[in-house]
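First the structure, in the form of structure tokens, and then the observations on it.
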Amino acid sequence: MIAPSIRLRRILAVLSSAGVESSGDIMHKFDRDALEMARAVIEFSYDRLALEPPSLGGPRSPLELSELYGANITEDGIGWQEALHRFLEDYSRATITSDSPRYLAHVPVAPTKASSLFDLVVSASNICGANWTNGAGAIFIENEALAWLASLAGMPAGAGGTFVSGGSAGNLAGLVAAREEARRRGSLSDRGAILVSAEAHSSVRLAAKVMDIDIFEVAVDSRDKLSGAALRETFSTLTQQDRQRTFAVVATAGATNTGIVDDLVSVVDFCQFEALWLHVDAAYGGAGLLCEKSRPLFNGIERANSLVVDPHKWLFAPLDCAAIIYADPTAASGAFAQEASYLDDVNRLRELNPSSYAFHLSRRVRGLPFWFSLATHGTAAYRKAVAMTLEVTARAADEIRSRPYLGLAMEPNLSVLVFRRVDWSESDYIAWTRKLLVEQVGFVQPTTYRGERMMRLCIINPTTTIEMLCSIFDSMAPVSSSSGS
């Protein structure tokens, strides 16, 4: 038990005696009303974190939501009790709980209790993480978490970067840094272009749109992987001018749709031969680096110039937390550091400022909940948790094989399952997924693989059990042996 500090005892004394409302700005006073509000919010937080498992919930239409209460924002306010009541009783329940073990669509989140609790500390602390002057202590331990991620990938000592909101922001940052480095070297004077796998995440194409650069799409091989051979073939078909304005390759280490990891060794060999920046999107799949079983899939990632890993996906941090890591951070600092007279002093420490490594200035220290959980539990616990999800995925694949009405579309690379229900159309999939959510059995969504509509499950929550998955598979069974579903 930690003994209360002098400061904590003073705070407790103030809270117990708070009562007289001042005539000034009551919004920023910690008075008796604020004390009661704090107690209610903390009580809800206790209850929510203790809920095992959290219910799935589900969306409601704009009309349904608008008819609940009318206006919430009024001239005189509705009071915190009513505002909290409306959120907890109605608005929050019109969402899908992404940390439920039955959330198997898209890429879920599964924050540890430690990371969620420390997120409250981060919010209450209001630390500006833009630069070292404002946030030195917080940035120092964020960097510790970044260094661990870099070492997990085998990147060189000194690799670093910053935490951003998600993989989309991380992919944009890596590509902007790549373009600026090409310009600095004098190898790019025209409109830029990148080589991208046909299976790359949609955010890569969005980043290219934002940057106003071109994409040369490269076909995947028979294993659905981007390879050095395919890159060479595509590159050889480009004009000399197009080859000269190509500055980067984007590879994927854990495709969101399939979990597939590209052939990184051959890709990085191609990049180094052609002097191109390699950016690796491991936003979802990066956690697979932790496990002996899946680690060989990532061979070559240690030679990437930039890497994105999202701890809020498979590394059990709360939303929103993604890491953009550069093998040589100085190659990125010139791309993003903002110049202004009021920033002259803080920019003297440019290499220490997170604002030098992505498109942001104001920044929440969103890496701290991840750091706190790592520090609390140790990396062995993370390794075990990721291994558990891979084991459940493997067992689920066996369950799919055992059911004649289901067909596994591909062997899982990581923790994504892609499979078909025999004789189902897209309308069958959609009707079934909606029924599953209404019954709170699971939140799942269909996808397309090799031109065919089928099902996709993403398993990153260690509390997702094989029994939960079997109940989903069983719900797809034909009604009788003589009829379809």
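The values are calculated or read from the model by the stated rules, or taken from the named source; none is laboratory data. The model shown is predicted, which means the values in this text are computed figures rather than measured ones. Cβ placement follows ideal geometry from the backbone for every residue including glycine, while neighbour counts extend to all protein chains displayed. When the accessible area is computed, the model is the full protein with side chains, heavy atoms only, and any ligands, DNA or RNA have been set aside. Shrake-Rupley method; radii C 1.70, N 1.55, O 1.52, S 1.80 Å.
Order the peptides 220-231, 402-413 from the highest to the lowest mean number of other Cβ atoms within 10 Å of their residues.
On the way: 220-231: 18.7, 402-413: 15.7.
Most protected by this proxy first, the peptides run 220-231, 402-413.
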Completion exercise
Interchain or sequence-distant (5+) residues whose placed amide H lies within less than 5 Å of the amide H of M410 are V418
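If packing is taken as the average number of other Cβ atoms within 10 Å across a peptide's residues, how do 416-422, 207-213, 122-128 rank, most packed first? List each step's numbers first, then the result.
Working: 416-422: 21.3, 207-213: 16.0, 122-128: 13.0.
So the order, starting with the most tightly packed, is 416-422, 207-213, 122-128.
What ranking, highest mean first, results for peptides 165-178, 346-359 when packing means the other Cβ atoms within 10 Å averaged over each residue?
Details: 165-178: 24.5, 346-359: 19.5.
Ranked by mean Cβ neighbours within 10 Å, highest first: 165-178, 346-359.
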Handout entry: Rounded to the nearest 10 Å², the accessible area of W148 at probe 1.4 Å
Key = 50 Å²
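Using the heavy atoms of the protein chains alone and a 1.4 angstrom probe, what is the accessible area of the chain per residue in square angstrom?
Per-residue value: 48 Å².
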Fill in the blank from the handout: Options (i) 72, 64, 37; (ii) 102, 59, 41; (iii) 76, 72, 46 are given for Cα extents along the principal axes in Å, and the computed one is (iii)
Exercise for the section: Provide the net charge surrounding F372, with neighbours chosen by a C-beta distance below 13 Å and charges set as Lys +1, Arg +1, Asp -1, Glu -1. Expected result: -1
Fill in the blank from the handout: Excluding ligands, DNA and RNA, the carbon-plus-sulfur percentage of the accessible area of the chain with a 1.4 Å probe reads 55 percent
Problem - Between segment 332-408 and segment 255-279, the alpha-carbon center distance in angstrom - result: 20 Å
Practice task
Please give the calculated 222 nm ellipticity per residue for the chain, where each DSSP H segment of at least 4 residues contributes -39500 (n - 2.57) and the sum is spread over every residue; nearest 500 deg cm²/dmol?
Solution key: -13000 deg cm²/dmol
